[in-house]
Amino acid sequence: MDASQLLRSAVDAAHAAGEILREGFGTSVTSRSKEGRHNLVTEFDLRCEDTIIAMLRSATPTASFLAEESGGSDNDDSLTWVIDPLDGTVNFAHGIPIFCVSIAATVNGVPVCGVIHNPLLNETFTATSGGGAFLNGAKLQVSPTATLNDAILVTGFPYNVNENPQHCIEQFSAIVSKGLPVRRLGSAALDLAYTAAGRFDGFWEVALHAWDMAAGVLLVQEAGGTVTHYEGRPFRLGHDSIIATNGLIHGELVNILTSVDR
């Protein structure tokens, strides 16, 4: 299968999962904590993941899977599907309409296609390596904002923020003390999709997993943006820190965030 064929399979699976989420949103949701009170899993996470894996396994029988709820591993030598069936579970469980489905296909640990689907807004963000990024078929381009002073940023706090709250506070303070507007949506995948779409100029976060980022990283890159780790090193799945921007403000944002750790 080439990337475009993989993407079609991913989009079909994301839409099927999105329909489950759309129908379940606002109903009585049963949730439990996984690794902390802010890291939840609902029956809808599990249903969506089962649906996605079944559909993708039918389309690509030899593929490996790395999914948030069922685990698995990223086999660098083969096609691996990296899946977050419900990114923004806390929002979903509390009736906050900000969540999505995120699916990426990786080969040798590198995303080759990705989809992020927001079922409530019927927005489907897609990308293939070398083929561009799109929203419902319309080509995406990162924002033209030239300086950090004019930027709007988005970030998130890890579910285990209580283990090292001061570090997150210092990073956040370093940004807002410069008078920069910062938003927090509660869905890293949507943060990245919105950065690719030019709605945000930049995004940063730590303690993320591959399934939080795989599709979104490709979207930003294919929309003309820049994605690195905190130190400005080239991004690779498997590391948990990320800075993603329109490229024009990237150096400024890297400098501010790395100054916190010096």
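Bear in mind that the values in this text are calculations on the coordinates, not laboratory data. Given the structure is predicted, the values throughout are model-derived calculations rather than measurements. Cβ placement follows ideal geometry from the backbone for every residue including glycine, while neighbour counts extend to all protein chains displayed.
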Fill in the blank from the handout: Any DSSP H helix in the chain with Cα axial reach of 27 Å or more and mean Kyte-Doolittle score of at least -1.0? Listed by number, the hits are 3-24
Problem - Listed candidates (i) 127; (ii) 114; (iii) 175 - label of the one calculated as volume of the Cα convex hull per residue in Å³ - result: (ii)
Completion exercise
Taking Cα pairs closer than 8 Å and at least 6 residues apart, the relative contact order of the range 95-204 in percent is 28
Practice task
List, largest first, the extents of the alpha carbons of the range 108-171 along their principal axes, each in whole Å.
Solution key: 42, 32, 31
Fill in the blank from the handout: Contact order relative to length for the chain, counting C-alpha pairs under 8 Å separated by 6 or more residues, stands in percent at 17
Exercise for the section: Assuming R0 = 25 Å, can you tell me the calculated FRET efficiency for the pair Arg8 and Asp50, based on Cβ-Cβ distance, to the nearest 0.05? Expected result: 0.75
Handout entry: Distant-in-sequence amide H partners of Leu140 (H built 1.01 Å from N, under 5 Å)
Key = Ala133, Phe134, Leu135
Practice task
Pop the C-beta distance of His239 and Glu170 into the FRET formula with R0 = 22 Å and round what comes out to the nearest 0.05.
Solution key: 0.60
